[in-house]
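Below is one structure, written out as structure tokens; comments come after it.
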Amino acid sequence: MGITADLNVAVRHDWSVDEVMRLLQQPLHELLFSAQTVHRQYSDPGRVQISTLLSVKTGACPEDCHYCPQSARYDTGVEKQKLMAVEAVLDKARAAKAAGAERFCMGAAWRSPHERDMPHVLAMVRGVKALGLESCMTLGMLDADQSRQLAAAGLDYYNHNLDTSPEYYTGIITTRSYAERLQTLQHVRDAGIHVCSGGILGMGEAPRDRAGLLVQLANLPRHPESVPLNQLVRVPGTPLESGDDIDWTDFVRVVAVARIMLPATQIRLSAGREKMTEEMQALCFLAGANSIFYGDCLLTTANPEADKDRRLLQKLGISSQNDDTELRSEGHKNEQPLFYNAADF
Ligand code: SAM
Ligand code: DTB
Ligand code: SF4
């Protein structure tokens with residue numbers, strides 16, 4: 001196929017949808033080989049970054065995202081919860097750190113944060129940083145001033161997903177535009193916060209929409225430092241409660257192509273792992289995924305139990321990125337992995 005030579009693992013910002021479609025259509029073995037070639041030039045394939053999520057404000061969201069259990073428009077049975085107290089959030093952050101998380105991600109079911117909420121979320125960021133954790137927030141749309149305030153508090157990452165291609169987007173969300181999402185990402189970037197932006201696969205989109213999403217992310221002026229790839233969690237009561245799931249090979253293909261297009265980015269295997277087999281997750285890691293959400297719960301839905309994930313990573317010989325234990329004495333080739341500090345990753 002010869003695509004590996006052409007890739008030249010450069011950090012590019014000029015991808016076309018047709019070009020990405022050709023990559024997505026590669027036989028899986030060719031694509032995996034190319035993705036691994038890129039991955040090994042930028043990262044240790046035996047390490048994954050570990051993030052833990054907490055919903056700090058749950059449900060009653062005014063937006064209409066068709067996938068989301070937290071929209072006030074759908075009857076999903078999600079229990080509403082007002083913005084949590086800062087100390088309660090920090091208790092959860094301490095527990096996440098003790099369990100081995102490197103990054104603590106706080107999510108709020110808002111269209112955008114209200115001014116009265118800002119002092120509280122800023123205190124959460126400062127508190128999480130003081131624990132020695134990386135901080136991430138996802139609070140909806142931000143303006144320039146809110147972005148600067150979060151940056152000044154020490155926020156490391158802001159998550160704001162493009163979700164899908166611009167073309168497919170209008171059938172999924174009507175209450176905010178794609179352009180508004182891009183504007184928030186620009187504010188976050190301008191404020192000096194790392195950008196975390198990705199999408200959801202399995203919402204009925206065509207392969208061309210998957211390519212379109214990846215092109216949007218890769219052609220940003222700077223690549224997002226973090227790209228979460230979620231497999232749709234179908235929640236009863238949402239407009240997307242039923243439909244055909246994405247085929248596992250297509251999901252793995254998107255991970256591999258994301259790795260090729262975004263060589264230095266952390267690619268997170270995010271929501272949907274509950275329904276993925278261990279074999280599929282292993283293939284996603286082989287395709288270049290190098291981050292996961294760790295902990296029994298995502299925002300409102302289940303994630304694999306922490307023990308199960310620990311066992312899976314151990315079986316695969318993968319350790320956490322912040323683990324000081326030297327896995328391999330030299331490089332990461334031809335060495336038997338020595339298992340890390342298994343008690344806490
Ligand atoms: N309200 C904020 C916003 O939407 O910007 C932040 C929280 S929102 C729940 C964060 C992201 O979670 C969404 O952009 C979407 O990509 C993902 N998400 C929500 N529901 C999901 C589901 N059922 N399956 C997979 N991903 C989902
Ligand atoms: C992201 O891309 N996935 C996470 C995080 N960013 C905030 C959220 C997944 C939510 C899955 C549905 C739920 O648990 O409510
Ligand atoms: Fe609200 Fe975010 Fe859910 Fe959309 S994804 S309904 S903005 S919580």
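The values are calculated or read from the model by the stated rules, or taken from the named source; none is laboratory data. This one's a predicted model, so the numbers in the text were calculated from it and none came from an experiment. Here Cβ is always computed from backbone atoms with ideal geometry, including for glycine, and neighbour counts include all displayed protein chains. Areas reflect the complete protein model, heavy atoms only, side chains present, ligands, DNA and RNA absent. Shrake-Rupley method; radii C 1.70, N 1.55, O 1.52, S 1.80 Å.
Across all directions of projection, what mean area in square nanometres is found for the Cα convex hull of the chain? Could you put the intermediate results ahead of the total?
On the way: hull surface 64.6 nm².
Mean shadow area of the hull around the Cα atoms is 16.1 nm².
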Check your understanding: What do you reckon, how do Arg273, Arg126 stack up by accessible area (1.4 Å probe), largest on top?
Key -> Arg126, Arg273
Review point. Just the Cα atoms of region 243-327: what Rg and Dmax do they give in Å?
Key: 13.1, 45
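When the convex hull of the Cα atoms of region 18-58 is projected onto a plane and the area is averaged over all directions, what value comes out in nm²? The partial results should precede the final answer.
Numbers: hull surface 22.1 nm².
Directional mean of the projected Cα hull area for region 18-58 stands at 5.5 nm².
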Check your understanding: So which GluC sites (Glu not before Pro) in region 1-107 pass both tests, a DSSP loop state and at most 10 other Cβ atoms within 10 Å of the Cβ?
Key -> Glu79
**Study point:** Sites Tyr42 and Met118 - FRET efficiency at Förster radius 30 Å, r taken between beta-carbons, to 0.05
**Key:** 0.25
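What full-extension length gain, to one decimal in nm, is calculated for Glu274 and Asp250 as 0.36 nm per residue of separation minus the Cα-Cα distance?
Full-extension gain reported as 6.9 nm.
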Study note, to complete from the structure: The extension gain from Asp18 to Ala85, computed as 0.36 nm times the residue separation minus the Cα-Cα distance, is 19.3 nm
Study note, to complete from the structure: The extension gain from Leu131 to Asp296, computed as 0.36 nm times the residue separation minus the Cα-Cα distance, is 57.3 nm
Revision key, fill the gap. Classified through the alpha carbon gyration tensor (a ≥ b ≥ c as square roots of its eigenvalues; rounded if a/c is under 1.5, else prolate when a/b is larger than b/c, else oblate), region 186-271 comes out prolate
Check your understanding: Using modelled backbone amide H atoms (1.01 Å from N, in-plane), which distant-in-sequence or interchain residues come within less than 5 Å of Gln49's amide H?
Key -> Ser291, Ile292, Gln321
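Using the Cα atoms as the points, what is the convex hull volume per residue of region 1-131 in Å³?
On the way: hull volume 26.2 nm³, N = 131.
So the per-residue hull volume is 200 Å³.
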**Study point:** Rg/Rh (Cα only; Kirkwood hydrodynamic radius) as it applies to region 156-223
**Key:** 0.96
Point to revise | In nm, spacing of pseudo-spin labels at His29 and Glu180 (7 Å Cα→C-beta vector) | key: 4.9
